[in-house]
């Protein structure tokens, strides 16, 4: 018998991740890969599995605590020979562009010029040493806090940290923003931008009009809401509406349905849309890009990773399908099935949610005609798919029934002009109307 100390494994480029659930108690028996803890970053929820079979003898963390890679969390008493083979440690993912949901996840503000630095919140000003404040020493903050601050246009050099050794926490950034919004603080010599100074909506006691109930927003909606709001304030949105004839495409899909099902694959229209979008992105690289942080340069991406907005019981999340240009429709269908299942089960990890270059939000399975999706910054464009329906279309001789799918593309007008926007949607519609064009 031996006692093994369990520590947080490699969780990607994250620091100070909150423990939202402790799934075991002292005395519990666990098997290899049983979940011990649930962590929640600003991008995803992840579970920490047990590397051993044994009995939990001590738990050193509780809900609400922050942990990082290497943090000691609990002890497991392991019977001789019960240890699992040590898994090969994954390579740490390179820092990726975080994304909100429109999903979704926590994006960098690569698309927006640097906003006015927020003044330090009065409550935490004393926590930074005087000489550090006076000399402008480098701030200390985790990658997730830095991404959060960039997205909201906050200069962390002007924020005082309340954490250990002056480390800046997300609450410090929020306090600084609230100070600016309420007029308690303003950056010297600069006007507020990025939404600062917008008057709040007055509170109303709705109970005076009738019975009410209050329910707290879910975690995912709280997280994604902040970044959707920031994207809406920082990105000058334009939405181009269009439609395309997918009669032949849908017939081809139906013709392949039986063969796909034999391989355990559900062939949906979305995979064909993904291939058509990638082809159009190759034609119009400005859509597969991001703006630099100062807004003076455009960064063209040579990879085609498509974020897919997924509706889950806990809210909207945006997992990313990688290398869409290198995969066929069957392989893409498998990827979609896997990430959709992980999203519904809350099993998406940081790597599943990062690295997107363009996003598709599909409401076609639900209904509606058209909608204006919010750009998933730091991406510069997002597509919204609506429900296709049979319509009479004049073919030059008569009206013929055709399956018409409406769609829209919202884009950052700083990176993309209106003429280019409509050329892009026209190209997507062209490729979907005749799939043969995708091989040319």
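The values are calculated or read from the model by the stated rules, or taken from the named source; none is laboratory data. Just so you know, these numbers come straight off a predicted model, no measurement behind them. Ideal geometry is used to build each Cβ from the backbone, glycine not excepted, and the neighbour counts take in all protein chains shown.
Which of the following residues is buried (at least 18 other Cβ atoms within 10 Å of the Cβ), in contact with a strand residue (DSSP E or B) (Cβ under 9 Å, 6 or more places away or on another chain), at pLDDT 90 or above and under 19 Å from residue 147 (Cα atoms): 73, 56, 67? Full working, then the answer.
On the way: 73 fails: under 19 Å from residue 147 (Cα atoms); 56 fails: under 19 Å from residue 147 (Cα atoms).
Result: 67 is the single residue among 73, 56, 67 that is buried (at least 18 other Cβ atoms within 10 Å of the Cβ), in contact with a strand residue (DSSP E or B) (Cβ under 9 Å, 6 or more places away or on another chain), at pLDDT 90 or above and under 19 Å from residue 147 (Cα atoms).
Quick check on this structure: which one of 349, 355 is under 22 Å from the mean Cα position of the chain (by Cα), on the phi > 0 side of the Ramachandran plot and either surrounded by fewer than 17 Cβ atoms within 10 Å (Cβ to Cβ) or assigned by TED's automatic domain parsing to the domain that holds residue 297 (or both)?
355
Which helices (runs of 4 or more DSSP H) sit wholly inside the stretch 121-184 and have at least 3 residues that are at pLDDT 70 or above and buried (at least 20 other Cβ atoms within 10 Å of the Cβ)?
Values: elements: 130-135, 143-152, 170-181.
Of the helices (runs of 4 or more DSSP H) lying wholly inside the stretch 121-184, those with at least 3 residues that are at pLDDT 70 or above and buried (at least 20 other Cβ atoms within 10 Å of the Cβ) span 143-152, 170-181.
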Residue hits (the stretch 360-392; within 25 Å of residue 297 (Cβ to Cβ), touching a helix residue (DSSP H, G or I) at 6+ places or on another chain (Cβ under 7 Å) and not in a loop (DSSP other than H, G, I, E, B)) are 381, 383
Restricting to the stretch 235-286, what's the tally of residues that are in a helix (DSSP H, G or I) and within 25 Å of the chain's Cα centre (by Cα)?
16
In a strand (DSSP E or B) and without any contact (Cβ under 8 Å) to a residue 12 or more places away in the chain: does that describe residue 406?
no
